[in-house]
Amino acid sequence: MKVAKEWRLGSMGDTKILPGSRHRSPLKRPIWIILMVSFVSLFLVCAYIYPPNSDVACFVFSSRGCKVLTDWLPPPKRELTDEEIISRVVVRDILDTPPVESKNPKIAFMFLTPGSLPFEKLWDMFFRGNEGRFSVYIHASKEKPVHVSPYFLNREIHSSPVTWGAFSMVDAERRLLAYALKDPDNQHFILLSDSCIPLHNFDYVYNYLMHANMSFIDCFVDPGPHGNGRYSTRMLPEVEEKDFRKGAQWFTMRRQHALLVMADSLYYSRFRDYCRPYADGKNCIADEHYLPTFFNLVDPGGIANWSVTRVDWSERKWHPKSYRAQDVTYDLLRNFTSIDMMTHITSNAGGEELLQPCIWNGTRRPCYLFARKFYPETLDKLVTLLNF
């Protein structure tokens, strides 16, 4: 007879002994890695603040020399010139000052023309019945205009000769703005040519512009020869190539932006001196670059980057497409008023098309209020078709 074994606390007979855990030494910190990272970080900070100037110092770190450092180090911030500091103070104060509210807000229609306005009859129809809501200013650069509408009588300002492509075009624009700003009721300013026509009635145009939260100034990057290829390094340091812009000159702008243009002397002088036809071997057209670049620098968020004046550059020539009497149809005008996508064409080989939706106060809307270039022979058909 087997006798049962007594089980007692602490008995090891039937208990398997598990192997004990190994002794682990405390984890040592990789001191040498920390020291190395600290040294490299200190070196990069010093190289950023005090960049190496000698070839020997550069080749210590790379056989390619200093360029390999400048390729990936962020550019150091330069000290602003006195003129830039003054300009920024003036811009800030103008933009931060609430616009003076007018009891009778008006739109200033500013016509830049060599002489008489061939579409004055059409504009007379457009203005009729809206007296007190607009002002007219005419810069006639070659001869005194002959008028057929009372709205244009005695509205000429002091004018000077204007040459296509020359800086005199910018001076004429500023002169028109200066005269229009004398009337405190003028709250929005439109630059128009002698070949421009309205596409909508006055109420539509008035509400579109007066209720907009931006100025309609054309602005885009053209990396081609007729864009950034016109840039001159003599504009440095105030105007860098990355900030250089292009756009059509036919703007509409709010009063605050018109005041900014009048107050500017810094960027005005740079374009006057270094953006001229055939200066430095470049054919720089100031009226296509001054305002787009200026507003890109001082208030890029305050402009729409497209113009409300329709111009067709699809033929990709020195001048935009012009319209004869046989070209003017109801379908043509309806097409103009339904376009809600802006197209910019660069001057690269082949011409790249840059598409941009026309956003008005956060809503996509048709882009255009006006159009050009129309020959005088189209007047009668336009009067019939538009019938304001």
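Observations on the model:
- Amide hydrogen proximity for Ala279: with H placed 1.01 Å from N in the peptide plane, the residues at 5 or more positions away or on another chain lying under 5 Å are Cys284.
- Protein accessible area in region 266-306, 1.4 Å probe - carbon and sulfur %: 41
- Carbon and sulfur %, accessible surface of region 343-382 computed with the full protein complex present, 1.4 Å: 51
- Order by protection proxy (mean Cβ within 10 Å, highest first), peptides 348-357, 119-128, 204-213: 119-128, 204-213, 348-357
- Normalised per residue, the accessible area of region 163-221 is 31 Å², obtained with a 1.4 Å probe and no contribution from ligands, DNA or RNA.
- Computed over region 85-207, relative contact order equals 36 percent, with contacts defined as Cα pairs under 8 Å that lie 6+ residues apart.
- Scalar couplings 3J(HN,Hα) for region 365-374, obtained by applying the Karplus form with A = 6.51, B = -1.76, C = 1.60 to θ = phi - 60°, are 9, x, 7, 10, 10, 9, 8, 8, 10, 10 Hz; x denotes Gly and Pro.
- Total lysine pairs whose alpha carbons fall under 18 Å of each other in region 220-365 (8 or more apart, or interchain): 4
- Protein heavy-atom surface of region 178-261, 1.4 angstrom probe: 51% of the accessible area is carbon and sulfur, with nucleic acids and ligands not counted.
- Figure legend: label point modelled 7 angstrom from the Cα of Lys142 along Cα→Cβ; residues of region 311-340 with amide N under 18 Å from it are 319-320, 322-323.
- Per residue, in Å², the accessible surface of region 255-362 once ligands and nucleic acids are set aside, probe 1.4 Å: 46
- Label-to-label distance, nm, for residues given as Glu240 and Lys373 (7 Å Cα→Cβ offset): 3.7
- Shape call, region 289-366: gyration tensor on alpha carbons, a/c limit 1.5: oblate
- The aspartates and glutamates whose alpha-carbon is closer than 15 Å to the alpha-carbon of Lys106, local same-chain residues fewer than 8 away aside, are Glu131, Asp183, Asp185, Asp203.
- Cβ-Cβ distance of Asp96 and Lys317, R₀ of 35 Å, FRET efficiency by 1/(1 + (r/R0)^6): the value works out to about 0.20.
- As a length-normalised measure over Cα pairs under 8 Å and 6 or more apart, the relative contact order of region 278-358 settles at 18 percent.
- Computed from backbone phi with θ = phi - 60° and the Karplus coefficients 6.51, -1.76 and 1.60, the 3J(HN,Hα) list for region 340-352 is 10, 10, 7, 10, 9, 10, 7, 9, 5, 4, x, x, 7 Hz; x is used for glycine and proline.
The values are calculated or read from the model by the stated rules, or taken from the named source; none is laboratory data. Since we're looking at a predicted model, the values are computed, not measured. Cβ coordinates were reconstructed from backbone atoms using ideal geometry, including for glycine residues, and neighbour counts include every protein chain displayed. The area values use the complete protein model at the heavy-atom level, side chains included, leaving out ligands, DNA and RNA. Shrake-Rupley method; radii C 1.70, N 1.55, O 1.52, S 1.80 Å.
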